[in-house]
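Student: Mind having a look at this structure? Questions to follow.
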Amino acid sequence: MPRLHHTDWPKRLWIVRHGQSAGNVARDAAESSGHELIDVTTRDADTPLSTLGELQSQALAEWFHQLEEVERPTALMCSPFLRAQQTCQAVAAALGIDKAEIHVDERLREKEFGILDRYTRHGIHSKFPDLAAQRALVGKFYFRPPGGESWCDVILRLRSMVQVLRRDHVGENVLIVGHQVIVNCFRYLLECLNEAEILEIDRQADVPNCSITEYGFCRGDDSRFGLCRANYVLPVAAVGTPVTSAPDQPAGPK
């Protein structure tokens, strides 16, 4: 597998999916009931954490607080979507960092679903059979719904985020709070993966809420920047908070 040869990286980089959201709960309910639409009253960007998501965020925040001071995040970034901001703000509060110091960046936002927004898998097949067939043909990596984004589109905007990390945060401990697709697309970039490899990772399991994917100079064989651990859920599980991993809405056709 190709390796990153650059040395101008943060000392440590944590990429975290937000806590469970009210949208995750509504999506599960809609899918299990066979509904075509997910019953949410807010736009996706304004969907807050669920009560469980707040507990998960607090558990995550406490885990970061228990690190040695020199090992804690010194730079915090997050998606502008409310659920990600709430998760990041919980960590900031635990670390004594003013939430005004959190860098909210639109490049970290959720993948845009376009015309398929709020539809369940059943709803997509029922209302948009041609799009369901197109997605099955081209695959989720390249499929772009009308008004929405493909995984490639997300990767394109994250490439400039990687440059920001290498330019402005060399030697720092950086925490990024985003979404499931954001975590996986960062993995595609930082681990030099190809389409088949990242889709296999995605197929194996959803990214758990408030799980940590960590990069740094942690390998024993050399000093290159690389993956230390992926989808680490102990910060949530250790305090008895349920671990959830429902995909973000919409599910999309298979």
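The values are calculated or read from the model by the stated rules, or taken from the named source; none is laboratory data. These numbers were taken from a predicted model, which means no experiment stands behind them. Glycine also receives a Cβ, built like all others from the backbone with ideal geometry; neighbour counts cover every protein chain displayed. The protein model used for the area step is the full one, side chains on, heavy atoms only, and it has no ligands, DNA or RNA in it. Shrake-Rupley method; radii C 1.70, N 1.55, O 1.52, S 1.80 Å.
Student: Could you check region 132-181 and list, in sequence order, the residues that are acidic (Asp, Glu) and touching a strand residue (DSSP E or B) at 6+ places or on another chain (Cβ under 6 Å)?
Tutor: 172
Student: Looking at (1) surrounded by fewer than 16 Cβ atoms within 10 Å (Cβ to Cβ); (2) at pLDDT below 95; (3) under 17 Å from the mean Cα position of the chain (by Cα), which is the only condition residue 46 fails?
Tutor: (2)
Student: If we keep just the residues of region 198-231 that are among the hydroxyl-bearing types (Ser, Thr, Tyr) and surrounded by 18 or more Cβ atoms within 10 Å (Cβ to Cβ), which is farthest from residue 170 (Cα to Cα)?
Tutor: 211
Student: Same structure, new question: Is it the case that some residue within region 62-69 is in contact (Cβ under 8 Å) with a residue 60 or more places away in the chain and either open to solvent by 60 Å² or more (accessible area, probe 1.4 Å) or out of contact with any helix residue (DSSP H, G or I) (no Cβ under 8 Å at 6 or more places or on another chain) (or both)?
Tutor: Yes, some residue in region 62-69 is in contact (Cβ under 8 Å) with a residue 60 or more places away in the chain and either open to solvent by 60 Å² or more (accessible area, probe 1.4 Å) or out of contact with any helix residue (DSSP H, G or I) (no Cβ under 8 Å at 6 or more places or on another chain) (or both).
Student: I'd like to check something: does region 100-107 contain any residue that is buried (at least 16 other Cβ atoms within 10 Å of the Cβ), modelled with pLDDT under 95 and either in a loop (DSSP other than H, G, I, E, B) or in contact with a Phe, Trp or Tyr (Cβ under 7 Å, 6 or more places away or on another chain) (or both)?
Tutor: Checked region 100-107: no residue is buried (at least 16 other Cβ atoms within 10 Å of the Cβ), modelled with pLDDT under 95 and either in a loop (DSSP other than H, G, I, E, B) or in contact with a Phe, Trp or Tyr (Cβ under 7 Å, 6 or more places away or on another chain) (or both).
Student: Can you give me the number of residues within region 70-84 that are crowded, with 16+ Cβ neighbours inside 10 Å and in a loop (DSSP other than H, G, I, E, B)?
Tutor: Matching residues across region 70-84 total 5.
Student: Another question about this same structure. Assess whether residue 168 counts as being among the acidic types (Asp, Glu) and in contact with a helix residue (DSSP H, G or I) (Cβ under 8 Å, 6 or more places away or on another chain).
Tutor: So residue 168 fails the test.
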